[in-house]
Amino acid sequence: MRYKGGAETVIGVLTGDVQMAFETVPLLLGHIQASKLKAIAVADTARSHQLPAVPTTVESGFPELQATLWLGVVAPAGTSLAIISKLNATINGIMQSKDLEASLDKVGARPKLGSPQDVAAFMAAERKRWAEVIQRPGIRID
């Protein structure tokens, strides 16, 4: 079955079309609190403060099963290093503000500060990791 997004995926679980799904805590939280869905694990290294009784996949014996949502800021190739550095410093400063931290906390997000090199290394590691996940069992896109 194909779903075009998280909301359709949740409907699929609620109606019994699928037995389980990986989705973001904010999307599932209301259904979990209403006892319509049961949270089995949080696919992260740290427990969700919104679901503190739910173990992580690491705690559940699956240390490699982590699939957290992450967002980054990118610029066109060839953007000058001076502009990239200024953007990075400004964004890191904003990410440290208490107001933004409080807003992110409402949706279960945690800011992660870093340099452009940190983001590039993270993205390269994620590409490698998920390519292996796809290639190992021979998954293909139809």
Checklist outcome for this item: Distance in Å, no decimals, from the C-alpha centre of the stretch 93-109 to the one of the stretch 12-64 is 22
Next on the checklist: 5 Å is the cut-off here: which amide hydrogens, built 1.01 Å from N in the peptide plane, fall below it relative to Val42, excluding neighbours closer than 5 in sequence?
Outcome noted: Thr56, Thr57
Checklist outcome for this item: With +1 on the Cβ of every Lys and Arg and -1 on the Cβ of every Asp and Glu, the dipole magnitude of the chain about its Cα centre, in debye rounded to the nearest 20, is 120
Item to check | Net charge of Cβ neighbours under 13 Å - reference Ile134; Lys, Arg +1; Asp, Glu -1 | outcome: +3
Checklist entry - Do any of Lys4/Lys86; Lys98/Lys128; Lys86/Lys128; Lys4/Lys128; Lys36/Lys112 go past 27 Å between their Cα atoms, and which? => result Lys4/Lys86; Lys98/Lys128; Lys86/Lys128; Lys36/Lys112
Item to check | Among Ala120, Ala82, Ala102 - extreme Cα towards positive end, dipole of the chain, charges at beta-carbon | outcome: Ala82
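Read-outs throughout are calculated quantities, based only on the coordinates presented, and are distinct from any laboratory measurement. Nothing here was measured: the structure is a model prediction, and the numbers come from that model. Note that each Cβ is placed from the backbone with ideal geometry, even for glycine, and that neighbours are counted across all protein chains shown.
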